[in-house]
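Visitor: Let me begin by handing over the structure; questions about it come next.
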Amino acid sequence: MASAQQVRQRSFTGVAGLGLLVIVAILLLVDLALIFLWAPTELVLGEVQRIFYLHVPSALVGFMAFAVVAVGSVGYFWKRTAKWDRLAHSAVEVGVMFFTVALISGAIWAKPVWGTWWTWDPQLTTTFVLWVVYLVYLMVRAYVPSKDQAARYSAVIGIMGFPLVLLVYRAAELWAGIHPGTVVGPGAESDALDKDISLVFTFSLATFTLLFVYLLWQRVLVHKAEETVEELRASIK
Amino acid sequence: MHKRTTVALAMMLLAAILIPQAVLASVAGQEGETVRNANLPYLFAAFAVVWAGFFGYLFYIHQRNSNLRQEIDELKEELEQQKS
């Protein structure tokens with residue numbers, strides 16, 4: 001039986017989680033309306049350019065997730081506590097989900113614009129390599145039998161993988177390819193985006209970031225629950 | 001609570017798929033827009049895939065959390081019985 005404090009804590013987490021989910025849901029619907037009703041139609045690419053409002057925020061939130069992984073991995077080596085490992089592992093899973101979404105939406109956008117689903121352009125190739133690095137992280141977690149070893153090996157990948165994020169971010173500028181250069185963030189030109197496009201993009205990015213925060217929080221809770229189940233099973237044996 | 005969350009997620013997924021579909025249908029009907037809008041199926045496919053991915057993952061997380069909570073309660077009960 002759960003104690004009164006646990007029940008109170010669980011119901012607070014439930015109410016707060018539901019509240020955040022409702023906010024994210026409303027923002028996602030407003031975002032959809034902005035993308036289709038407010039954002040101007042791009043003159044050259046036409047309607048298909050609206051994929052931009054999903055593709056770029058997904059990729060940027062993926063980068064954000066991998067930055068959290070690096071922080072969690074450094075924290076784990078520094079403090080050696082499960083809290084940091086839990087954060088890093090959860091962020092990888094959510095980050096890979098966002099990055100997969102970015103890769104798939106990019107491929108769907110590439111077909112009508114470039115005439116192919118995929119090309120080994122520097123930006124696309126480095127992005128693919130980055131995605132594989134974090135898949136390897138998840139495989140290490142799944143297949144290394146010792147929990148401590150898995151946490152250590154994956155923390156190394158979490159730290160070593162982060163410089164690749166910066167490389168992917170600047171890949172279009174470093175090597176000439178067909179993928180457009182950076183349009184947002186520190187490396188972008190100030191007038192790279194039209195004012196209305198920029199507004200809708202910023203809203204999309206904020207909404208996706210909040211969705212990331214919600215998913216990360218829920219994934220950390222799942223991680224904690226998995227650990228509790230393991231502890232309880234061990235004490236029953 | 002879990003059932004309500006599932007219904008809410010399903011409603012949102014439906015809205016996320018129907019809103020772009022309705023807007024695209026109205027745009028596709030306009031004269032002179034046929035060349036630039038020839039790629040509308042790609043736009044729809046991208047939105048459908050992205051939203052299905054987000055909601056699928058969201059649903060998976062909620063389901064997993066709910067199952068684990070239930071398992072924890074059962075294991076705690078078992079432990080209590082073992083002690084007594």
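Visitor: Within 10 Å of each Cβ in peptide A:47-53, how many partner chain Cβ atoms are there on average? Round it to a whole number, please.
Guide: Mean inter-chain Cβ contacts per residue within 10 Å come to 6.
Visitor: Per 0.36 nm of contour for each residue apart, how much would the distance between A:SER235 and A:LEU45 grow if the chain were fully extended, relative to their Cα-Cα spacing?
Guide: On the way: separation 190, 0.36 × 190 = 68.40 nm, distance 6.13 nm.
Result: 62.3 nm gained on full extension.
Visitor: Okay, moving on. Just from its helices, what would the mean residue ellipticity at 222 nm be for chain A, if runs of 4 or more DSSP H residues each count -39500 (n - 2.57) and the sum is divided by every residue, rounded to the nearest 500 deg cm²/dmol?
Guide: Values: 6 runs with 183 residues, N = 237.
Mean residue ellipticity, 222 nm, calculated: -28000 deg cm²/dmol.
Visitor: Could I ask something else about it? Summarise the partner chain shielding of B:64-75 as one whole number: the mean count of Cβ atoms from other chains within 10 Å of each residue's Cβ.
Guide: Working: counts 6, 10, 2, 3, 9, 8, 0, 6, 8, 2, 2, 7.
Other-chain Cβ atoms within 10 Å of each residue's Cβ, averaged: 5.
Visitor: Just checking the output field for A:101-114: average partner chain Cβ neighbours within 10 Å of each residue's Cβ? Display every interim value, and only then the final one.
Guide: Working: counts 8, 1, 0, 5, 7, 1, 2, 11, 5, 1, 4, 6, 2, 0.
Average per residue, whole number: 4.
Visitor: Let me ask you something else. In the structure shown, do any of A:LYS83/A:LYS147; A:LYS147/B:LYS83; A:LYS79/A:LYS224; A:LYS147/A:LYS224 have a Cα-Cα gap over 25 Å, and if so which?
Guide: In this structure, A:LYS147/B:LYS83 lie more than 25 Å apart at Cα.
None of the figures in this text is laboratory data; all of them are computed from the coordinates on show. Note that the coordinates shown come from a computational prediction; the quantities given were computed from them, not determined experimentally. All Cβ positions, even for glycine, are placed from backbone atoms using ideal geometry, and neighbour counts span all protein chains on display.
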